[in-house]
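Below: the structure, in structure tokens.
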Amino acid sequence: GKKIIGITGGIGSGKSTVSKFIEELGFPVYDSDFWAKELVNVDENLKSRIIELLGEESYDENGKYNRKFVAEKVFDHQELLLQLNQIIHPAVKINFENWVNAQTAEFVFKETALLFELKLNESCYQSILVTADENIRIKRVMDRDGRTYREVKEIIDKQMPETDKVKLADFVIQNNTDLESLKEFTHQVIDDLQRMDL
Ligand code: ATP
């Protein structure tokens, strides 16, 4: 059967970069974050359920998802945010299953920030955690997104601690140095995965 490998990591850890390296090797990679953002615009069932939960203003006059409105609506409303996620996550799950079924490769990868939080690792053959020291991650996100130290730190503090993720991961890629090393570590993990399969 097909083997699903989960790729995860906190903000700024480098999981998208690892996914890119894996795609360059020719493996299919599903980007959960991309699809979550896409599905709220194209999945009609999802759209009507979001409107039901948060109101008509969740979409603009052209039917496009109003991310700002939704973010403000759920900000400081834990229960609403939870309900919103309970609508979006199953839609992504179904989309992923359809995507997996359409793949012909033996190994397929799934990049998701919430692999362990949503226990998605339980339906994976193996999991890869990308991690880096907190200050390095903060610096990288500040450079990438133009956010402040405090903003990034606040996001990190809301995420599952790296120490907990390390315990759950099958493979851990330390991304504290340069991109060349990250690519090398990624290739090493892929080699190990293929060897496990022999
Ligand atoms: P997010 O969850 O915020 O999307 P991510 O885990 O997907 O983050 P990336 O986007 O891959 O992380 O990396 C964060 C930033 O750091 C990017 O701008 C990326 O190019 C850069 N980066 C990642 N790894 C390295 C590295 N080893 N050396 C230098 N820059 C790096």
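The values are calculated or read from the model by the stated rules, or taken from the named source; none is laboratory data. Keep in mind the model is a prediction, meaning the values are calculated, not measured. Using ideal geometry, Cβ is built from the backbone for each residue, glycine included, and neighbour counts are taken over all protein chains shown.
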Check your understanding: Within the stretch 10-20, can you find the residues that are part of a helix (DSSP H, G or I) and either buried (at least 21 other Cβ atoms within 10 Å of the Cβ) or small (Gly, Ala, Ser) (or both)?
Key -> Lys15, Ser16, Val18, Ser19
Exercise for review: Could you grab me the full set of residues in the stretch 37-46 that are surrounded by 18 or more Cβ atoms within 10 Å (Cβ to Cβ) and not acidic (Asp, Glu)?
Suggested key: Leu39, Val40, Leu46
Review point. Name the residues in the stretch 1-22 that are more than 6 Å from the ligand (Cβ to nearest atom) and in contact (Cβ under 8 Å) with a residue 12 or more places away in the chain, would you?
Key: Lys2, Lys3, Ile4, Ile5, Gly6, Ile7, Thr8, Gly10, Val18, Ser19, Phe21, Ile22
Check your understanding: Across the stretch 150-198, which residue is surrounded by the most Cβ atoms within 10 Å (Cβ to Cβ) among those that are within 15 Å of the ligand (Cβ to nearest atom) and over 20 Å from Val18 (Cβ atoms)?
Key -> Lys153
Study note, to complete from the structure: Of the conditions (1) within 13 Å of the ligand (Cβ to nearest atom); (2) not in a helix (DSSP H, G or I), the single one that Met142 does not satisfy is (2)
Check your understanding: Only one of (1) under 19 Å from the mean Cα position of the chain (by Cα); (2) not assigned by TED's automatic domain parsing to the domain that holds Asn85 fails for Lys2. Which number is that?
Key -> (1)
Exercise for review: Filter the stretch 23-56 down to the residues that are among the β-branched types (Val, Ile, Thr) and without any contact (Cβ under 8 Å) to a residue 40 or more places away in the chain, then identify the one that is farthest from the ligand (Cβ to nearest atom).
Suggested key: Ile51
Revision key, fill the gap. Note: among Asp60, Asp76, just one is at pLDDT 95 or above, of a type in the set (Asp, Glu) and out of contact with any Lys or Arg (no Cβ under 9 Å at 6 or more places or on another chain), namely Asp60
